[in-house]
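As structure tokens, the structure follows; a few thoughts come after it.
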Amino acid sequence: MAGLKWRRLVLKVGSALIAPEAKGCSTRYLLAIAGFISECRQQGVEVVLVSSGSVAAGRAAIPFAHQPLPINVKQAMAAVGQTRMMQSWRNLLDFDCAQILLTHDDLQHRSRYLNIHNTLRTLLDHGVLPIVNENDTVATAELKVGDNDNLAALVATVVDADALIICSDVDGLYTANPRSDSTATLIPEVHQITPDIHAMAGGSHHAIGTGGMTTKLQAASKATSQGIDTLIINGQKADSFAQLLAGKACGTLFHKQQERLSAKKHWLLHSLKTRGELQLDSGAVQALLHKGASLLPKGISSINGDFDKGDAIWLCDAAGKQLAKGISQYSKSELSKIRGVHSQQIESILGYCPSEVVVHRDDLALVEG
Ligand code: GLU
């Protein structure tokens, strides 16, 4: 069996699969999906699950006769349903799961983004399955990502996934709506998401979830531009998962537009504005350039600029040459206190230690090489 070619994937499961009758959670489709997640882990593939279904799962607890549901009613349903949805996953999986609830605002805010990134990285390092949903209780229109397809694409970028798999209730992207047009055919591969491709996706056709093909294409467009292969598959068919696990083509594959590493490097070096600069001692320079190491407080000789946790900074040698750009785990004022010390001393100096490194290797790009 060829097996999966990806090392870390984000799997998005919508409300229509979790609560197919809109009457609370059902295991009908989740059983096969849980089996797929377990098998991925067996193959050494890390998985992050983005699961909708909180509103659908909590609907019965808050009786409300009129449509459309007011936002406060939906939020109340989500608050009830979120625990139910988590419980259904827990019942089907025999490893630890973690609940992560996010808003658009969290992903925009630099230090909160970094906290999310650190937490997800730590969970994956410890073999825990993160289960992400939008924080519906606090997120009204202006704070919302709005749909979990786009949320899943953002999460895939945050966790540096190499694939995003969106489970749908159709087999993939069709040339027309397969429910109303019998001549519609499945498109197995998309190399570029052109206006013609967008035209093939109608609006949402499902009463339960938020997204339709349109939001799935938006998600595919976001993810592929960041170097992440994106698949739309039929999550109602257990066979879709068997095909994927056997390394066979399934659904519609949207090819990544570039390598993930170069997309990330480009983002770090050319899109992020730097707010400061650290001068490193020769040991730290060697470790950075030749050992693939993260930057520790010990190796910092001086600090310039004014930056916050989550800001980008330049890492320079003693002569001031810019060697790398990275995201700082600490603000300038915190770094001024821990510069030159061993990581074990951070806690006693600051009173807390959110990170043993100042810039994690995954969050930095070398200018050359
Ligand atoms: N966050 C919503 C929920 O869990 C669903 C959003 C979506 O399905 O796109 O019910």
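Read the figures in this text as sums done on the coordinates, not as results from a lab. Everything numeric in this text was worked out from a predicted model, so none of it was measured. Note that each Cβ is placed from the backbone with ideal geometry, even for glycine, and that neighbours are counted across all protein chains shown.
Couple of notes before you dig in:
- By the Cα gyration tensor, the chain has an equivalent ellipsoid whose semi-axes, rounded to whole angstrom, run 40, 23, 19 from largest to smallest.
- Using a cutoff of 8 angstrom between alpha carbon atoms and counting only pairs six or more residues apart, the relative contact order for the stretch 268-369 works out to 32 percent.
- Electrostatic tally near Trp314: other residues with Cβ closer than 12 Å to its Cβ, Lys and Arg +1, Asp and Glu -1, net +1.
- Note on Lys74: lysines with a C-alpha under 26 Å away, same-chain residues under 8 apart excluded, are Lys12, Lys23, Lys144, Lys216.
- Simple Cβ-charge dipole of the stretch 218-369, Lys/Arg +1 and Asp/Glu -1, about Cα centre, in debye nearest 20: 280
- Taking trypsin sites (Lys or Arg not before Pro) in DSSP loop states with no more than 14 other Cβ atoms inside 10 Å as exposed sites, the chain has its longest site-free stretch at 29-178.
- Farthest positive-ward along the stretch 180-293 dipole, Cα basis, beta-carbon charges - from Thr215, Thr274, Gln257: Thr274
- Rounded to the nearest 20 debye, dipole of the stretch 19-160 from Cβ charges on Lys, Arg, Asp, Glu: 360
- Within the shell of other residues whose beta carbon sits under 14 angstrom from the beta carbon of Pro20, the net charge comes to +2, with Lys and Arg scored +1 and Asp and Glu -1.
- Across the stretch 1-149, Cα-Cα distances exceeding 23 Å account for 38% of all pairs.
- Assigned charges on the beta-carbon of Lys, Arg, Asp, Glu; the chain dipole about Cα centre (debye): 140
- Straight-line cross-link reach from Lys273 at under 22 Å between alpha-carbon atoms covers these lysines, not counting any fewer than eight positions away in the same chain: Lys222, Lys264, Lys265, Lys309, Lys321, Lys325, Lys332.
- At an R0 of 30 angstrom, the distance between the Cβ atoms of Lys337 and Ser262 translates into a FRET efficiency of 0.25.
- Here each label is just a point 7 Å from Cα along the line to Cβ, and for Ser38 and Lys5 those points are 2.8 nm apart.
- Positive-end residue of Ser54, Thr122, Ala65, charge dipole of the stretch 50-125 with Cβ unit charges: Ala65
- Residue-count net charge about Ser168 - beta-carbon cut-off 13 Å; Lys, Arg +1, Asp, Glu -1: 0
- Relative contact order of the stretch 11-123, pairs being alpha-carbon contacts under 8 Å that are 6 or more residues apart, as %: 25
- The mean sequence separation of alpha-carbon pairs under 8 Å and at least six residues apart, normalised by the residue count of the chain, gives a relative contact order of 15 percent.
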